[in-house]
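The values are calculated or read from the model by the stated rules, or taken from the named source; none is laboratory data. Quick caveat: nothing in here was measured; it's all calculated off a predicted structure. Cβ coordinates were reconstructed from backbone atoms using ideal geometry, including for glycine residues, and neighbour counts include every protein chain displayed.
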Ligand code: CTP
Ligand code: MG
C-alpha cells in the first residue's frame, strides 16, 4: 500500500511539473518576435549613428537578459562617450529624430528618475524605452543572461515567479513592490543556496576552477566575474529537484524562513549577509530596508528600498498565499496566478 501511495504521489508531482513547464513554454517569446525586436533595434541604430557617429546602442532589461516574456517592451541604452553630455538635450534631440522617422507615440520624459524617450514602432507594435549611459544596467543584464545559461531551471523558476508577481500585482515599484530585476536576483540566490547547489556564484572568484574572465569598470564600479559559463553546463546536475519542487520551496522560503529583520540577500557572494554589516538597519531617507536584496555590482544599492511598511505586508501575505497554495491546493497552477 505504501508503494502504491508513493507511485500516486510521484504521478501528482510529474503532472504538476508538466503543468508548470507548459506555462513556462507559453510565456517564452516566439522566434518571430525576437526577429522583430532585432529589426527595430537595427533601425534605431541607423538613426542614432547619423547624429552621434561614436555612439553605441545596447539592449538591456528583459529582452537582453533572457527573462523576458512574450510582448515585453524593449529597454535600450544609448551610450555616448562624451562625459559632460546633457542628458535632457540628447533625449530631446533623439525624440526629434525618431519622430521624423515615423515612429509613434514618441515622448521624452526628461524629469523621470531614469530619464528616457518612449516610442512605439507602428510596424511591429513593439514599444521601446531609450535611456542614456545606463551602462551598469547593460552589465547586470549580461550577468543575468549568463546565469540563465548555466541551468534551465533558473529561467523556468523566474518566468513562473514573474508571472505570479504580475498576476498578483506585486511587480509594481511605484506602488512599493519589487521590480522584475529584484525577483530574478531572488531566484538566482535561491538556486545558489540549494543543497546541492543548482547555480554557482560567478563573482566569487577564483574558486571552483573559475577565475575572472570578464571585467569592466563602469561609473567607478568594478564589475568582474567568470563569464565562460558554457564550462559550467553540468554544474547543477547533482541536484535533481524539479520545477514544481523549486516553486514550492521558493515560496516556502519567502513565506516562512527568510529572516526579514536581519538578512540581506547577496548574489554577489552567494550567501546571506547581515543588515548590520551593511548598515541597513534603519531608515535613511526613503530607504527603509524592510526586505533587503543587494545589487550584485552597486553593492550600496538595496533593491528592496522601494518597499514601505504597507507594501511589505502585501508582499508577505502574497508569499504566504502562494506557499499555502503550493502546499494544499489540488490545482495550484490555476489558483497561484489568479488575478488579484
Ligand atoms: N535595473 C537596475 N536596477 C534596478 C531596476 C532595474 O539596474 N533597481 C535594470 C536592470 O538591468 C534590469 C532593467 O533595468 O534588467 C529593467 O528592469 P525591470 O523593468 O525591473 O526588468 P525587466 O527585466 O525589463 O522586466 P519586465 O519583463 O517586467 O519588463
Ligand atoms: Mg523591461
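Working only within segment 57-81, note down all residues that are more than 10 Å from ligand 2 (Cβ to nearest atom), under 16 Å from the mean Cα position of the chain (by Cα) and under 16 Å from residue 142 (Cβ atoms). Once the filter is applied, which keeps residues that are more than 10 Å from ligand 2 (Cβ to nearest atom), under 16 Å from the mean Cα position of the chain (by Cα) and under 16 Å from residue 142 (Cβ atoms), segment 57-81 yields 59, 66, 76. Of the helices (runs of 4 or more DSSP H) entirely within segment 97-216, those holding at least 3 residues that are in contact with a strand residue (DSSP E or B) (Cβ under 7 Å, 6 or more places away or on another chain) and within 13 Å of ligand 1 (Cβ to nearest atom) occupy 135-150, 180-193.
Go through 259, 219 for me and flag whichever is touching a residue at least 60 places away in the same chain (Cβ under 8 Å) and assigned by TED's automatic domain parsing to the domain that holds residue 276.
Values: 259 fails: touching a residue at least 60 places away in the same chain (Cβ under 8 Å).
None of the others qualify; the one that does is 219.
For segment 44-56, residues that are over 18 Å from residue 139 (Cβ atoms) and either in contact with a helix residue (DSSP H, G or I) (Cβ under 7 Å, 6 or more places away or on another chain) or touching a residue at least 60 places away in the same chain (Cβ under 8 Å) (or both) total 3. A single entry from 108, 137 fulfils the requirement of being in contact with a helix residue (DSSP H, G or I) (Cβ under 9 Å, 6 or more places away or on another chain), at pLDDT 95 or above and within 16 Å of ligand 2 (Cβ to nearest atom): 137.
Given the residues 84, 129, which is the only one that is at pLDDT 95 or above and either more than 26 Å from the chain's Cα centre (by Cα) or within 14 Å of residue 44 (Cβ to Cβ) (or both)?
129
Would you point out which residue out of 177, 141, 110, 173 is surrounded by fewer than 19 Cβ atoms within 10 Å (Cβ to Cβ) and touching a residue at least 40 places away in the same chain (Cβ under 8 Å)?
173
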